[in-house]
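> Below is a structure I'd like to ask you about.
The values are calculated or read from the model by the stated rules, or taken from the named source; none is laboratory data. Note that the structure is a prediction, hence the values are computed from the model and not measured. Cβ: placed from backbone, ideal geometry, glycine included. Neighbour counts: every protein chain shown. Surface accessibility is based on the protein's heavy atoms, side chains included, excluding ligands, DNA and RNA. Shrake-Rupley method; radii C 1.70, N 1.55, O 1.52, S 1.80 Å.
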Amino acid sequence: MQYRRVIFSYLPVNKGNYRVLAFFFLIFVTAGLVILPVSADEQDKDNLDSGPDVAILDATVKMDISSFEEIPLGTIPDERLVVTITVKNTGNREAPGYKLRSFLVRVGREDEIGTQLGGEITDVRLGAGETRTYSKTSTLPTHLKKGQYRVMVILDTSNYFIEPDTDNNRLLSQNTISPGSFSGAEGSIPVYSPVEITEPGYYTLKRDIDGGNAVNIFKIKSSGVTFDGGGNTIRGLSSGFTTGVYVDGGAAVRDVVIKNLVLENMDAGVWLYKSSNGKVENCVFRNTVNMGLRLDQSHQNEISGNTFEHNSMGLGVFESKDNIIYNNLFKNEHNAVANDNLKNQWNTDLKSGTNIIGGSMIGGNAWFDESGEAGFSVMTQDYTNDGISDSPYSINQNNIDLHPLTISTVKSALVPTLQPQETPDEVMNESLVPEEELKWKESSAPVNITKQPEPQPTENMTEPSPEIPVDDQGTDQDITPTQEETTLSPYADIGVKKISGPESVCAGYEFNLTAIIENSGGYDADRFQVRYYLTEDKKVSPDDTLLGERTMKDLLSGSEKEIRESFMIPELIGLKNYYIAVIVNTDNSVFEDKKVNNTGYSSERMAIRKC
């Protein structure tokens with residue numbers, strides 16, 4: 001051995017020196033410095049155990065065209081794949097370098113290496129314990145057969161170092177992709193960007209859309225259109241008029257279907273105007289500023305399987321009738337409103353099937369508060385335990401859900417009265433909940449009930465005194481019974497309080513007017529239109545003179561605003577005396593349960609003269 005040759009090179013070999021050698025050997029053994037030869041195999045194993053070891057932790061693949069900007073209707077873009085790979089050095093030394101390759105393999109044939117996706121990924125100097133993630137975009141090969149594919153990722157370190165464990169150098173993605181999915185089903189028209197649809201057909205949205213504050217992100221102007229969201233999301237920004245999908249009937253359209261869509265953050269999610277015999281199904285309306293779904297002059301539509309959550313208003317039905325609205329989930333500040341003079345159906349006949357809140361019966365809708373933890377469907381009674389409320393849910397006299405869904409078990413009826421609780425037999429024998437109770441349940445605001453004060457005994461109390469109480473000033477006081485406290489309507493109530501203008505004005509000249517507009521309801525009026533007229537009598541008709549129209553914003557609940565406007569008197573107007581008329585909320589953009597005070601008139605007429 002080498003150490004032995006070193007020692008002997010300094011000591012002459014003779015009999016006396018063996019004692020010296022023995023003495024040195026004893027010292028080496030005592031100090032633990034005996035050097036023993038190590039075989040080459042043992043040395044290689046030690047180097048591997050203490051070296052780098054790069055492993056593939058995760059691999060995912062998805063089809064993505066988000067990098068494309070606007071894509072015209074009917075255009076099919078190249079399909080792109082995004083492969084994401086995560087690796088980690090599980091060894092205790094730095095890895096000098098490695099290569100990553102990705103391949104498409106057919107599901108069911110994962111043992112075969114398929115088509116390579118693009119070039120390889122090469123990287124160097126991965127520290128011990130360090131993790132890195134790579135994202136690689138490739139165009140999907142056009143020769144692939146239809147079907148499902150996974151991505152196989154292979155790690156190669158052969159040009160850099162020898163790994164102790166190569167079992168972690170190959171990984172299949174758990175998720176799959178299907179070539180041709182961006183082109184849509186056969187016969188459908190793929191949609192990639194905001195567009196106006198003017199021809200019938202089956203349209204499929206193929207990606208999420210951020211529409212900003214566009215007035216109508218998508219607009220449908222044709223009958224016979226199916227707009228399938230494919231589970232994608234349309235997002236917008238509130239501007240007062242931003243709508244996700246606007247169906248513009250104009251002279252009326254029919255058979256428009258909107259489904260499988262998520263709509264968020266705009267003013268109105270879907271707005272149907274003069275649209276009949278259509279459907280809105282399996283959509284999610286979330287965080288809309290005005291309302292999730294709005295029907296205007298739209299009849300005989302089916303609204304089902306939708307979720308309305310965290311909207312100012314879930315569903316608004318205006319001047320619309322004979323719509324069927326069932327199996328929807330409502331969780332909003334205000335769930336639904338409808339004109340009380342037109343009838344709509346808010347449930348189907350009861351039938352077996354899984355409903356939108358997981359129950360076993362399909363009938364009406366689920367009515368919750370915005371938290372989803374309270375509201376009618378939580379508090380109502382269900383003595384039959386079939387998931388259907390024993391009491392109807394009333395929006396108004398022509399819009400009643402006869403079979404509302406519930407998650408409650410047997411509970412006492414919620415009645416706003418201080419009467420003793422009814423027994424189950426008494427409740428079962430009631431044929432219908434009183435109208436007052438239905439109105440109370442429909443309102444999201446509680447009814448405050450004031451109990452009559454009981455007389456307190458006094459020291460000299462013998463019999464009631466007939467005297468009338470006298471106040472501090474000695475005047476008689478009227479005795480009035482204590483009244484129940486009332487709350488504001490849960491809706492806005494916009495009215496014209498006062499209008500004033502000049503006594504006279506010259507034809508062809510400008511004049512100024514002042515009006516006070518108030519909101520006596522319990523809901524803020526965010527934005528609405530105001531029209532100004534001149535009328536000879538206190539009744540506005542098409543023959544009266546329209547001075548103009550303005551937009552009013554932010555009229556808060558319980559507040560009023562004074563507005564000042566200037567208008568030009570037409571030169572050819574008749575030289576007569578006119579009332580100034582103001583009509584608010586002419587565009588119906590704010591829901592009100594009553595509109596009797598929407599029109600106001602000046603107290604005095606204004607004379608129009610020639611100057």
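> Find, among the GluC sites (Glu not before Pro) in the range 544-611, those assigned to loop by DSSP (not H, G, I, E, B) with at most 12 other beta-carbon atoms within 10 angstrom.
Details: sites: GLU549, GLU560, GLU562, GLU565, GLU571, GLU592, GLU604; in loops: GLU571, GLU604.
Hits after loop and neighbour filter: GLU571.
> Hey, another quick one. With an 8 Å cut-off on Cα pairs and a minimum separation of 6 or more residues, tell me the relative contact order of the range 54-177 in percent. Don't jump to the answer; show the numbers that get you there.
Working: 260 pairs, mean separation 43.2, N = 124.
Rounded, it is 35 percent for the range 54-177.
> Now, a different point. If you put +1 on each Lys and Arg Cβ and -1 on each Asp and Glu Cβ, how big is the dipole of the range 494-609 around its Cα centre, in Debye rounded to 20?
On the way: 15 positive and 19 negative charges, 36 e Å.
Charge dipole, the range 494-609, about its Cα centre: 180 debye, nearest 20.
> So, one more: Counting pairs of alpha carbon atoms under 8 Å apart in space and at least six apart in sequence, what relative contact order in percent does the range 98-243 give? Before the final figure, lay out the partial values.
Numbers: 234 pairs, mean separation 25.8, N = 146.
RCO, the range 98-243: 18 percent.
> Additional query: Under 5 Å between amide hydrogens, which residues at least 5 positions from ARG207 or on another chain qualify, with H placed 1.01 Å from N in the peptide plane?
Under 5 Å from the amide H of ARG207: no residue qualifies.
> May I pose another question? Determine, from the Cβ-Cβ distance of THR586 and TYR160 and an R0 of 60 Å, the FRET efficiency 1/(1 + (r/R0)^6), rounded to the nearest 0.05.
Numbers: r = 75 Å, r/R0 = 1.25.
Calculated transfer efficiency: 0.20.
> Right, something else. Keeping the other protein chains in place, figure out the carbon and sulfur percent of the accessible area of the range 189-401, with a 1.4 Å probe. Provide the component values of the computation, followed by the final result.
Numbers: 3250 of 7370 Å².
C and S atoms contribute 44 percent here.
> OK, next. Taking 0.36 nm per residue of sequence separation and subtracting the Cα-Cα distance, how much length would be gained by fully extending the chain between THR86 and ALA128, in nm to one decimal? Show your work: numbers first, answer last.
Details: separation 42, 0.36 × 42 = 15.12 nm, distance 1.49 nm.
Stretched out fully, the THR86 to ALA128 stretch lengthens by 13.6 nm.
> How many Lys pairs in the range 54-177 lie less than 27 angstrom apart by Cα atoms, where the lysines are 8 or more positions apart or on different chains?
10
> Here's something else I'd like to know. Pulled fully out, how much extra length does the chain show between SER559 and ILE516, if you take 0.36 nm times their separation in residues and subtract their Cα-Cα distance? Write down the numbers at each step before the final one.
Values: separation 43, 0.36 × 43 = 15.48 nm, distance 1.04 nm.
Difference between extended and current length: 14.4 nm.
> Another question about this same structure. Output the peptides 234-242, 89-97, 359-367 sorted from most to least packed, where packing is the average of other Cβ atoms within 10 Å over each peptide's residues. Intermediate values should be presented prior to the final figure.
Details: 234-242: 19.1, 89-97: 17.3, 359-367: 23.1.
So the order, starting with the most tightly packed, is 359-367, 234-242, 89-97.
> Follow-up. Among the listed pairs LYS259/LYS553; LYS498/LYS553; LYS279/LYS561; LYS219/LYS351; LYS498/LYS576, give every one whose C-alpha distance is greater than 30 Å.
Details: LYS259/LYS553 33 Å; LYS498/LYS553 18 Å; LYS279/LYS561 41 Å; LYS219/LYS351 36 Å; LYS498/LYS576 22 Å.
The answer is LYS259/LYS553; LYS279/LYS561; LYS219/LYS351.
> Given the convex hull over the Cα atoms of the range 189-401, what projected area results after averaging over all orientations, in nm²?
Numbers: hull surface 43.7 nm².
Seen from a random direction, the Cα hull of the range 189-401 projects 10.9 nm² on average.
> A follow-up question, please. By the scheme Lys and Arg +1, Asp and Glu -1, what is the net charge of all other residues having a beta-carbon under 10 Å from that of VAL83? Don't jump to the answer; show the numbers that get you there.
Details: positive: LYS62, LYS136; negative: none.
Once positives and negatives cancel, what remains is +2.
> Can you give the Kirkwood hydrodynamic radius for the range 513-598, in Å, rounded to one decimal and based on Cα pairs? It would help to have the intermediate numbers written out before the result.
Details: mean 1/r = 0.0714 Å⁻¹.
Computed over the range 513-598, the radius equals 14.0 Å.
> Right, another one. Return the loop-located trypsin sites (Lys or Arg not before Pro) in the range 110-158 (DSSP other than H, G, I, E, B) with at most 15 other Cβ atoms within 10 Å of their own Cβ; answer none if there are none.
Here the sparse-neighbourhood loop sites are LYS145, LYS146.
> Just the number, please: carbon plus sulfur as a percent of the accessible area of the range 494-609, 1.4 Å probe, no ligands or DNA/RNA counted. Write down the numbers at each step before the final one.
Working: 2640 of 6050 Å².
C and S fraction of accessible area: 44 percent.
> Taking Cα pairs under 8 Å and at least six residues apart, what relative contact order does the range 494-609 come out at, in percent? Numbers along the way, then the final one.
Numbers: 298 pairs, mean separation 46.2, N = 116.
In percent, rounded to a whole number, it is 40.
> Something else: Using a Förster distance of 30 Å, how high is the FRET efficiency between GLU333 and GLU549, based on the Cβ-Cβ distance and rounded to 0.05? Could the numbers behind the result be given before it?
Values: r = 29 Å, r/R0 = 0.96.
So, using R0 = 30 Å, E works out to roughly 0.55.
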